[in-house]
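Report on one structure; see the data block that follows.
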Amino acid sequence: MASGLGLSQCSICQKNAGKCMCDGCKNYYCVKHFNQHRQQLSMDFDDKVVRTHDELMEQMDRANQSKAAASELFDEIDRWEIVTIDKVYKAAEQARHQLTQLLTRDKDAITNDFEIMTKEIRNRRDEDDFDENDIERLRQKINQIQISLQEFIRPTKTKAIIVTNEQIDWNRLIYVEKEDERIGECIEKNILIENLSELN
Ligand SMILES: [Zn+2]
Ligand SMILES: [Zn+2]
């Protein structure tokens, strides 16, 4: 501390002249206590800076090693890909099967109606057996089969299947995110693979 006479006393012993001033704390020290102050600073530097820096370096090394664990996450994505492709393949197969059955059933019904009508028309023509009522009834029957045939040709059922497919949000089926931003002993555990696929 500076004395009233302009001389400084050592801030530790309050006795010897403070010939050395520390630039950091602005205190004056005698040579002996200045050296002691420097030793204390040196210990603080080792304890508060060097040691924690070394700890951080170890954490960095462990973080780099945990890259190997990331391959398990890639494996998980690969497995999801295979399982999902298989589910999509099976769903498409099932849809093809359903469509084939649907079309066959409708086509069989139309063909059956048509054959019955053909027989009746030929019989009535051969036997000359018809009146105005038969003409009107058979004309309506021909119209009805024509409408059924046009509905069968129009691919409305195929469109219905495609609309259902477009409702799948492919970006949300599987995605990767960090659980939080902590860096530490287990970086690999902070990464989640969200598999929201329910393609059963
Ligand atoms: Zn001193
Ligand atoms: Zn100091």
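Residues in the stretch 1-65 average 80 Å² of solvent-accessible surface per residue, probe 1.4 Å, ligands and nucleic acids excluded. The calculated FRET efficiency for Asn171 paired with Arg62, based on their beta-carbon distance and R0 = 45 Å, is about 0.85. Computed from Cα atoms alone, the Kirkwood hydrodynamic radius reported for the stretch 82-140 is 14.9 Å. Net length available on complete extension from Ile147 to Ile135 is 2.5 nm, with 0.36 nm assigned per residue and the Cα-Cα distance removed.
So what's Rg/Rh here for the stretch 1-75, counting alpha carbon atoms and using the Kirkwood radius for Rh?
Details: Rg = 23.3 Å, Rh = 15.7 Å.
Using Cα coordinates only, the ratio equals 1.48.
Leaving ligands, DNA and RNA out of it, work out the accessible area of Asp129 with a 1.4 Å probe and give it in Å² to the nearest 10. Accessible area, nearest 10 Å²: 80 Å².
Order the following by accessible area, largest value first: Met117, Met57. Probe radius 1.4 Å; ligands, DNA and RNA are ignored.
Values: Met117 15, Met57 100 Å².
Ranked list, largest accessible area first: Met57, Met117.
The label-point distance for Asp46 and Ser71, in a model that sets each label 7 Å from Cα toward Cβ, rounds to 4.1 nm. Plainly put, the stretch 36-178 has a radius of gyration that is 1.61 times its Kirkwood radius, both from alpha-carbon atoms, as the Rg/Rh ratio.
The values are calculated or read from the model by the stated rules, or taken from the named source; none is laboratory data. No experiment lies behind these values; they were computed from the predicted model shown. Cβ atoms come from the backbone with ideal geometry, glycine included; neighbour counts cover every protein chain shown. Only protein heavy atoms, including side chains, enter the accessible area calculation; ligands, DNA and RNA are left aside. Shrake-Rupley method; radii C 1.70, N 1.55, O 1.52, S 1.80 Å.
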